[in-house]
Amino acid sequence: MRRAGLAAAGLAVLAALAACGAPDGSQERDRAEEPARTEGATPGAGATVPVEADGSWSLRLADVSEGPAWPLPAGSPERFGLGTAAGAGRIAPWDRDVRPDGTGLPPGSGRAADGERVWIAKCSACHGPTGTEGPNDRLVGREPREGFPFGAEPRAGPRTVGNYWPYATTLFDYITRAMPQNVPGSLTADETYAVIAWILARNEIVADDVVMDASTLAAVRMPAAGRFVPDDRRGGPEVR
Amino acid sequence: MDSADPPRGRLSRRAWLTTTSGVVAAGLVGTRFDAVDLSARQVPAQDPRSIPGRPPSELGSRAPGERPRRLPGPQVPSSSSRSPLHELDGIITPADLHFERHHGGVPEIRPDGYELLVHGMVDRPTVFTLSDLRRFPAVSRLAFLECSGNGNGTLRRDPSPESTPQEIDGLLSTSEWLGVPLSTLLREVGVRPTASWLLAEGGDAALLARSIPLAKGMDDALVAYGQNGEATRPEQGYPARLFLPGWEGNTNVKWLRRIEVSDRPTMTREETSRYTDPLADGTARQFSFAMDAKSIITFPSFPYALPDRGWWEVRGLAWSGRGRITRVEVSADGGRSWADARLQDPVLPKCTTRFRHLWRWNGSQAFLMSRATDETGYVQPMWDMLVGARGAGTSYHANHVRTWKVARTGEVTFAQGELA
C-alpha cells in the first residue's frame, strides 16, 4: 500500500513492540534451554496489537512473546549487508494492496451499468448471472436483513458480500489479486470499480447510478461493519 | 470451494481393502503394518538370500506395496489434499505427503528469479534473493502446520462412520522447517518504532495475502526455504514461505514475495470473508490465529479392524499451537473414564506429539477417545462444549474430541454422530 506519510497518530504502540526496531544480538538467549515460555505466565498476557486505525479495538496475542525467539549468533554484525536496496520504482508495481481507508486505491471510476457488462463477460460463469447462482461463491444476498445469525445458525445461508463482508475496499484488493480466476489481475481499474459498483448495487448497498471511485468506494459502509471482534481465546482452562 | 468440505466419494472398507491390500477375501485387517499390498510383497521369485540385491541408486523409493497417498478434495480443480494420518507413525510427515491447500494452484517459480521485497515502514526497503536468504544465520525447528478448517466436517452431527483420520483431520502435517528468522530480516531493513503489523503476500495466482501482527514476526516467525532437510516442496511454498509456528495454516503464506511493514491490518478477503469465526452472539471473531490443543487416535480407526481381542496399542497424535502437550488421556468407554496415555519423546512446543496407550480389548463394543492438554492448562473440549462456547454455526478451529467405535466384530468406524 502506498502512503504519502506514516500516520502514527492515535496508535498506542505498546512496550512489547517498542523494541521492534532493533533487536539486539547481545540479548542472546537460548530459548531451547528455557522451560516452556508460557510457564508461570498469566494466561492472556502477551502482545497487544492495534487493529482499527481509530484505536477502537485491539488484539491481544496470548501466545506471542517479546521476541526474538531466534537470537542472532554472538558476534553478528549490526547489519549483514545482504539484499539490494529497493527504490520506489521497484516497489510500486508490487505494492497494490488496498486498505479500508482507501489507501492504495488507484485512479479510475465505473458505474454499475458498465459493471454489468464486465460481470456477464468475466464473472458470471463462476458466480452466476445475478451473483446468486454459483457454482462458486455467492456474492449477492442481503438475507437475513436483520441480525448476524451465522454463529448461532448452522443453516443461516451463504455468507455474501451483502451480509458478511465488513469492508468494501476488500473487493478491490481481492479482485486485483485473484480475479477472474482464469486470468487473475487482468481487469483495468475502471472495470474493477465498475464491477464493484454492480456487486454493491445488487446487494442494495449503493444506488444503481453511483460513480464508484477511490473516494466513493472508501466511503461505503457495509452492513456487516462492526460485527467483527478480536479473538478472545487465551489458552488456559476456559474453552472459547 | 473452501477447505471445509471433507472429500466425498469415501472408500468403503471393502473398496479400501481392494485398492490397498488386494486381499478382499482376507476380510479384516489389523494394524497399519499388516495393511500392505501382499501381492506386491510376493513379487520376488527367488529367495533374496540366494542372489545379490540391487545396487545403490541416486534416489530412493518406497518399498513395493507401501503406497501412502495424499487425498485430493473432490472439487475440480481441487484446492486441497490431505495427509494419510492413518498410514503414518511417529511425528514427521514425509514431504511428498504433506497436506496441500492452495488458493490459486501451485505456481512454478524459478529459484534464480525469486525475490522477496521487504518495504513499508522500514528504514531500508530491500529485495532479497534466495541466495541472500540462505546466507543469513539459519535455524530449523520441528513444527506442525494445520489448516484452520481441518476437521470442521466433524462439527455436523452426522459425519460418515466410514471416515478415515486422513479424511477427518488430514489437513495437518509436521516437518522440520529451515530458514531465516523473520526477526533477522526485519532487523536488517530497520523497522520503524510505530509499526505494528505486516502484510505477507504470496507470488501465486491468488497473490494470497494475510495481515500478521509484527509481534509474531519478531517472535518465532521463519522465512522457510527448507523442509525435512531439503528444499521446501513446490506445494509447500518453494522457494520460500512464511512459517508461523502454531498459527492457522492460511497465515503461513507460501511462495512469499512481499512483506510490507505497516501500522494496521489490510483486511484482505482471507481475514474477513474467510477464516473468521462467527459466534452465537451475533459477532464474528477475527484474527483467530492460534491453533488450540487437539488430538486424534490414528489407530484403531477406520478403515482398520481388530482381528481379535487382547492387547492393542492405541496410537495417535496430539498438538497445540500454544506450546507443549503436557497430557493425553484415552477413554475406551465414550468418555466415562480416562487413563493417561504415554507421550513419546520428543515432546516439542507447537509440534505434534505421538501418544501411545496399551489397551486390552475384551471383545465388546468400545468407544475410543483421546483428549489433549497443553502447557497453558487448556483441555481439548468435547463437541458440545465447543459448540456451546461458540455457536452451532462455528466451522474453523474444530478441535473437539474425536471418537471411534470398535464394534464386536472388530470393525472400527468414526462415531462422532453416534454419541451426539
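General observations
- The share of C-alpha pairs in the protein assembly as shown whose separation exceeds 36 Å stands at 41 percent.
- Using the 1.4 Å probe convention, the accessible area of the protein assembly as shown works out to 39 Å² per residue with neighbouring protein chains retained.
- Range of Cα positions in the range A:169-220 per principal axis (Å), largest first: 30, 20, 16
- Computed from protein heavy atoms with a 1.4 Å probe, the total accessible area buried between B and A is close to 7900 Å².
- Surrounding net charge for residue B:347, when Lys and Arg each add one and Asp and Glu each subtract one, Cβ distance under 13 Å: +3
- Calculated [θ] (222 nm, deg cm²/dmol) that DSSP helices of n ≥ 4 give over chain B, each run adding -39,500 (n - 2.57): -2500 deg cm²/dmol
- The residues of the range B:378-420 listed by number as losing at least 50 Å² of accessible area in the complex, against the isolated chain and with a 1.4 Å probe, are B:378, B:393.
- Apportionment of accessible area to carbon and sulfur, the range B:294-419, percent (1.4 Å): 49
- The Cα-based radius of gyration of the range A:109-219, divided by its Kirkwood radius, gives an Rg/Rh of 0.96.
- Rounded to the nearest 20 debye, the dipole magnitude of the protein assembly as shown is 1060 debye, with +1 charges on Lys and Arg beta carbons, -1 on Asp and Glu beta carbons, and the Cα centre as origin.
- A protection proxy built from the mean count of other Cβ atoms within 10 Å ranks the segments A:175-182, B:347-354, A:137-144, most packed first, as B:347-354, A:175-182, A:137-144.
- At least 40 Å² of accessible area lost relative to the chain alone, listed for the range B:211-236 with a 1.4 Å probe: B:215, B:218, B:219
- Percent breakdown of C-alpha pair distances by 10 Å bin, ordered from the shortest bin, for the range B:111-285: 10, 36, 33, 15, 5, 1
- Computed over the range A:102-145, Kirkwood Rh from alpha-carbon pairs, angstrom: 12.0
- Gaussian network model of chain B, springs between alpha carbon atoms under 10 Å - residue of B:338, B:383, B:311 with greatest fluctuation: B:311
- Heavy-atom accessible area order for A:90, A:111, B:342, B:210, largest first, 1.4 Å probe: B:342, A:111, A:90, B:210
- Dipole magnitude of the range B:111-285, debye to nearest 20 (Cβ charges: Lys/Arg +1, Asp/Glu -1, about Cα centre): 420
- Kirkwood hydrodynamic radius over Cα pairs of chain B, then Stokes diffusion coefficient at 37 °C and 0.692 mPa s, in µm²/s: 145
- Distance between the range B:233-247 and the range A:200-240 - C-alpha centres, whole angstrom: 30
The values are calculated or read from the model by the stated rules, or taken from the named source; none is laboratory data. Fair warning: this is a prediction, and the values are worked out from it, not measured in the lab. FYI the Cβ positions are ideal-geometry reconstructions off the backbone, even for glycines, and counts take in every protein chain you see. Heads up: the accessible areas ignore ligands, DNA and RNA and are worked out on the full protein's heavy atoms, side chains in. Shrake-Rupley method; radii C 1.70, N 1.55, O 1.52, S 1.80 Å.
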